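The values are calculated or read from the model by the stated rules, or taken from the named source; none is laboratory data. Here the structure is a predicted model, which means the values were calculated and not measured. Methodologically, a virtual Cβ is constructed for each residue, glycine included, from the backbone with ideal geometry; neighbour enumeration extends over all protein chains shown. What goes into the accessible areas is simple: the full protein's heavy atoms, side chains included, and nothing from ligands, DNA or RNA. Shrake-Rupley method; radii C 1.70, N 1.55, O 1.52, S 1.80 Å.
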Amino acid sequence: MAVELGVLGLQGDYSAHGAMLERLGAAWRVIKKPSQLDGIDGLVIPGGESTTLIKLMDSSGLWEAIASYADSGRSIFGTCAGMILVAKDVSNPAQRSLGLIDIGVERNGYGRQIDSAEAGGVFRSAEGDCSMDMVFIRAPRITRLGDGVEALAECRGDVVMARQDKVVVASFHPELTDDLTAHRYFVDMVV
């Protein structure tokens, strides 16, 4: 595989994302400062706590660097808090975001920590539907899909994974399962 991927390593279980990418044969590295974005073909922004991630990205210069990275047309995969950071609209409460995908997101849309759960969902592809394991931890809910946003996966009637151009998002934590579907989709998108 001729691509190299980055996983934002400021917070969250970025090493688990890396392990998933390794299982797919993809080269990857941890990204903690803007200069490390040079030479990577796709960036995973993992979960964590979105307001903390914003502060860490601001203090390291990564907020502007990731916006420029996205403007250059390279691929981004935001999971859980990463999805919040790349969404166009954020509520509960409203907060700043990069606006890279035309979706509305409600923070903690599936409840508090005590409401965290594992669930089975459905991934939809050109090859057909397949079941997909999902872990929701204080997960954001997609409340709106804008024009040009494709629903990729659903769980209990909600869209939980979506794509617009080179940005893909998931409400859940795909790195906390053995299911490679979400990461495979991202790697194939980058390739």
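Loop-located GluC sites (Glu not before Pro) in the stretch 121-177 (DSSP state not H, G, I, E or B) with no more than 11 neighbouring Cβ atoms inside 10 Å: Glu127. At a probe radius of 1.4 angstrom, the accessible area of the chain per residue rounds to 43 square angstrom.
Working note: Karplus 6.51/-1.76/1.60 with θ = phi - 60° gives the stretch 130-137 the couplings 9, 6, 8, 7, 9, 10, 10, 10 Hz, where Gly and Pro are set to x.
Overall, the accessible surface of the stretch 63-115 at a probe of 1.4 angstrom is composed of carbon and sulfur to the extent of 46 percent.
Give the separation of the Cα centroids, the stretch 47-103 to the stretch 124-191, in Å. Their Cα centres are 17 Å away from one another.
Which of Gly146, Val90, Leu180 sits closest to the plus end of the dipole of the chain, meaning its Cα is farthest towards the positive end, when Lys and Arg get +1 and Asp and Glu get -1 on the C-beta? Value: Val90. Across Gly128, Gly12, Gly109, mean-square fluctuation computed from a Gaussian network of the chain (C-alpha pairs under 10 Å connected) peaks at Gly128. Could you tell me what percent of the DSSP beta bridges with both partners in the chain are antiparallel, to the nearest 5? Restricted to the chain, the bridges split so that about 55 percent are antiparallel. In the elastic network of the chain, a GNM with C-alpha springs shorter than 10 Å, the most mobile of Leu98, Leu37, Leu24 is Leu24. About its Cα centre, the chain has a charge dipole of approximately 500 debye under the convention of +1 per Lys or Arg Cβ and -1 per Asp or Glu Cβ, with nothing else charged. Largest first, the three principal axis extents of the alpha carbons in the stretch 24-112 are 36, 31, 22 Å in whole numbers. Taking amide H atoms as placed 1.01 Å from N in the peptide plane, the amide H of Trp28 lies under 5 Å from those of Leu5, each 5 or more residues away in sequence or on another chain. Simple point charges give the picture: +1 on the Cβ of Lys and Arg, -1 on the Cβ of Asp and Glu, and for the stretch 50-133 a dipole about the Cα centre of about 280 debye. Could you pull out the trypsin sites (Lys or Arg not before Pro) across the stretch 1-64 that fall in loop regions by DSSP (anything but H, G, I, E, B) with no more than 14 other Cβ atoms inside 10 Å? Taking the stretch 1-64 and a limit of 14 other Cβ atoms within 10 Å, no loop trypsin sites (Lys or Arg not before Pro) are found.
Once backbone amide H atoms are built at 1.01 Å from N, Thr143 has Gly104, Val105, Glu106 as its partners under 5 Å, excluding neighbours fewer than 5 places away on the same chain. Between Asp13, Asp147, Asp165, the Gaussian network model of the chain with springs among Cα atoms under 10 angstrom shows the greatest mean-square fluctuation at Asp147.
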